[in-house]
Amino acid sequence: MAKILLVDDDVDVRYALGKYLHRAGHQVVEATDGAQALSLMATEAFDLVITDIVMPEADGIELILDIGRNTPGLPVIAISGGGRLGRAEYLDMAQGLGATAGLAKPVDPDELLALIDRLLPR
Amino acid sequence: MKARLHLATGAVLCLLFATVLFGAKAAHRSLHANEEMQTHIVPALRYLEQMRFGILRVVSSSSELIVAKLTQGAAAETDEAPTALGKAADTEADLIHEGDEEFRAALYALRALYEHDGGKVPDAFRIEAIDAARDRLVRQAEHIIGLASADAPVAEIAAAKERFEALEMQALAMINLALSQAQEAANRDFEQTTQDITDLRNEIVLLGLLGIVVMGAYSVFLIRLLQREADARLQAERLALDNAREVERRKRIEGRLAAHQKMEALGTMLGGIAHSVNNFLMPVITLSKMLKQDAPEGSEQREDLARIQASGEKASRLLKEVLAFSRTTETAASGHCELVGALRRTLSIATATLPATLALRPHIGLDAAWVPESEADIDTMLFNLLGNAVDAMQGRSGEIRVHLDRVRVEDGLADGVPVRLEAGDYARLGIADEGCGIPEDVLDHIFEPFFTTKAVGKGTGLGLSVTYGSVSQAGGDIVVTSQPGVGTRFDIFLPLLPAPDERAAPPAA
């Protein structure tokens, strides 16, 4: 299936989504923030990135911008539970900056799977 | 200033009064003196007349006796003659003395009158001289009587009588002169007095006029003073009223600002909470869904997992509404729609679903109004507000009035109502019910999330919060006026956008 980089500072989100995606047949690599994701991406290639936006270290926005610069064409799904701004605003922003799609937390895992299927190159 | 003016007016009035009093007294005294003189002079002349009459009687009696003696020539008869003559002379002498006494009394009274008034007897009057003449006259009269008594020769008596008449002429001339002089003096005095009185009257008139002028000026001044004082007081009252209004307006704006800040803080906090809870819900929903797939079909375990998943999703929906509120003013509005069309659609649905006891009275004063709200947000807002209006009626019959018009906001006022808005043109959507109204202590909290006065299960307490969040985000404001027992009116102000065809086409990328 696909090799997916899952970036979220919340361990439970990583655990739950990771497990769900894994059961669906995907290979999942986890990162806790944008900085760790970038260092992983420097050594490994991924088919798709799922990233949270609001994170303590380098956030999802930075990651999206970096991907846009260094690996253009790599699908990125932004997920957000909101924060100082609403979820919709973060997701709009992320897509404006280059994310391929956006999903609001709590994400429906089946919806996520369907989205991944759509985005992955056949 | 006021006291000095009172003093001046008082002084003028006192002067006026004193002058009148003094003038009246002087006039009275002058008239009185003239009157006195007249009363004393006239008796003096009368007594002089009486005296002369006495003398004439003596002379004529003497003459008659003498003529009789000469005619009869009888010695015997002559014995009686001296006695009869002497008796007649005695009677006449008494009469003369009586007249003389009164004459003198009149003279002395006249002199006393002059001297009493502190003046001296006028020279022209010559009282001393008149007195001397009187004395000579009396002595001559006595001489005549003596001659008559002594049976003196007729020629001698006649000569004495001639001398008496000469003296009498002299005295009369003197008295007449004195009288005319006195009369003249009295006339002069009277004229002077009249002149004085005339002068005085003129002065009084002048003073009166002066007094009227002073009083008039004073009245004008006093009226002006009172007017100025009243004006100043009115001005002060007006200023105080303006200040009170300004303070009231500021208080209302500050109150609204404070409420708005509170809502913002609340929104930020709720946003933070929602972010965490959304994360917490991720494993709940994802893992329950995953485990449910593993659980055997129809098993109790699968049922339980379905419940966990459903609860997670319910919590998720609730958070979505909370987040709608927390999107307050920080982000630019993304959507826009035409309010009039949206309102008409919502009203037609609402009319169909409204209880028969309620009448919907729309008054739409605009043809089109583009506002920075998505159509979904407008629908939510309208249904929330109409729903609240229906609930407020509590089953009673009545009207719900919906009003839409355009209003201009300047200096934080829309039609005199304080609003938290930039200057500009706004669509004003009013929804007014005739329901139970909102108590003042509740009014401050109606936009707070989860605040509800409805029965448990009837409302989430998020309807107005969502409306508030959506309107704030669009750069609008909500004003609520409510009177318990009378009704509630919500006025929603939304900035008017140019119609899409009027907007400049976006520059090509």
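Brief remarks follow.
Residue by residue, here is whether (1) among the aliphatic types (A, V, I, L, M); (2) at pLDDT below 90; (3) open to solvent by less than 40 Å² (accessible area, probe 1.4 Å) holds:
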residue	(1), (2), (3)
B:His260	no, yes, yes
B:Ala265	yes, yes, no
B:Leu270	yes, yes, yes
B:Ile273	yes, yes, no
B:Val284	yes, no, no
B:Leu291	yes, no, no
B:Glu303	no, no, no
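- When the test is whether a residue is modelled with pLDDT under 85, within 14 Å of A:Asp8 (Cα to Cα) and of a type outside the set (S, T, N, Q), A:Val54 passes it.
Yes/no per residue for (1) aliphatic (A, V, I, L, M); (2) open to solvent by less than 50 Å² (accessible area, probe 1.4 Å); (3) part of a strand (DSSP E or B):
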| position | (1), (2), (3) |
| --- | --- |
| B:Thr351 | no, no, no |
| B:Asp367 | no, no, no |
| B:Leu386 | yes, yes, no |
| B:Glu399 | no, no, yes |
| B:Val402 | yes, yes, yes |
| B:Arg406 | no, no, yes |
| B:Ile446 | yes, yes, no |
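- Yes/no for A:Glu111 being out of contact with any helix residue (DSSP H, G or I) (no Cβ under 8 Å at 6 or more places or on another chain), over 21 Å from A:Glu30 (Cβ atoms) and of a type in the set (Asp, Glu): no
- Flag if A:Ala2 is farther than 22 Å from B:His275 by Cα, out of contact with any helix residue (DSSP H, G or I) (no Cβ under 8 Å at 6 or more places or on another chain) and either more than 13 Å from chain B (Cβ to nearest Cβ) or free of Cβ contacts under 8 Å to residues at least 60 places away in the same chain (or both): no
- Among the residues of segment B:369-422, the ones that are on the phi > 0 side of the Ramachandran plot and free of Cβ contacts under 8 Å to residues at least 24 places away in the same chain come to 3 in all.
- Residues being in contact (Cβ under 8 Å) with a residue 24 or more places away in the chain and either farther than 24 Å from A:Ile79 by Cβ or more than 10 Å from every other protein chain (Cβ to nearest Cβ) (or both) - total across segment B:280-308: 1
The values are calculated or read from the model by the stated rules, or taken from the named source; none is laboratory data. Remember, it's a predicted structure, so these values are computed and weren't measured experimentally. Quick reminder, even Gly has a Cβ in these numbers, built from the backbone with ideal geometry, and neighbours come from all protein chains shown. These accessible areas exclude ligands, DNA and RNA; they are computed on the full protein's heavy atoms, side chains included. Shrake-Rupley method; radii C 1.70, N 1.55, O 1.52, S 1.80 Å.
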